[in-house]
1. In nm, what is the difference between 0.36 nm times the number of residues separating Ala117 and Phe39 and their Cα-Cα distance?
2. With a cut-off of 15 Å, note down the residues of the range 50-85 whose backbone N falls inside the zone around a label point 7 Å from the Cα of Asp22 toward its beta carbon.
3. ³J(HN,Hα) across the range 77-93 via Karplus (A = 6.51, B = -1.76, C = 1.60, θ = phi - 60°), whole Hz, x for Gly/Pro?
4. Can you pull the one-decimal nm distance between simple spin-label points at Ile66 and Gln92, each 7 Å off the Cα toward Cβ?
5. Please give me the summed charge of the neighbours of Phe91: other residues whose Cβ is under 15 Å from its Cβ, Lys and Arg +1, Asp and Glu -1.
6. For Met26, Met121, what ranking results if the residue with the fewest other Cβ atoms within 10 Å of its Cβ goes first?
7. Quick one: order Lys81, Lys120 by neighbouring beta-carbon count within 10 Å, fewest to most.
8. Please report the relative contact order for the range 26-127, taking Cα pairs under 8 Å with a sequence separation of at least 6, and give it as a percent rounded to a whole number.
Amino acid sequence: MRYITPRKAATGLGSARSGTSDHWAMTVSAWALLILTPFFMITVGCAIGLPREALIAHFGRPWPGIVTALFVIVGMVHFMKGTRIMIDDYFQHSARKAAIIVSVIFGWAVIAAAVFALAKMALFTIAI
């Protein structure tokens, strides 16, 4: 017995309707993280051991700031999509809704805090 209609097969949608797009979103974000991770590690590696003023100046420059912001944003979006898939598999009813809300709030809070900190460092560097 087939659970997929010919229309769904033609449009690439499975029985859950969003599995293909979720898979592609996770694949694209995983590839983006694969490319961003070495740049982020080099950026952070160069900042290890710097005094506070030099650290602020380091992350206030465009390249380290942009790489760090992209890494955090793409990483947290990947995290939110991954936890959504896990939550859908293991939680039921109200617990599912609550867990998804907590996961999304946490992800966007981390993104907001990181972007705010990077913007503050960039503005501090400009003010000097």
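Each reported figure results from applying straightforward, stated rules to the coordinates on display, with no laboratory input. None of these values were measured; they are calculated from a predicted model. Note that we place each Cβ from the backbone using ideal geometry, even for glycine, and neighbour counts take in every protein chain shown.
1. So the chain would gain 26.2 nm between Ala117 and Phe39.
2. Zone members listed by number: 78-85.
3. Ordered by residue, 3J(HN,Hα) equals 5, 4, 4, 5, 5, x, 5, 4, 5, 5, 5, 4, 6, 10, 10, 10, 6 Hz.
4. 5.0 nm
5. Net local charge, Phe91 excluded: +1.
6. The most exposed by this proxy come first: Met26, Met121.
7. Listed from fewest to most nearby Cβ atoms, that is Lys120, Lys81.
8. With pairs under 8 Å counted, the relative contact order is 39 percent.
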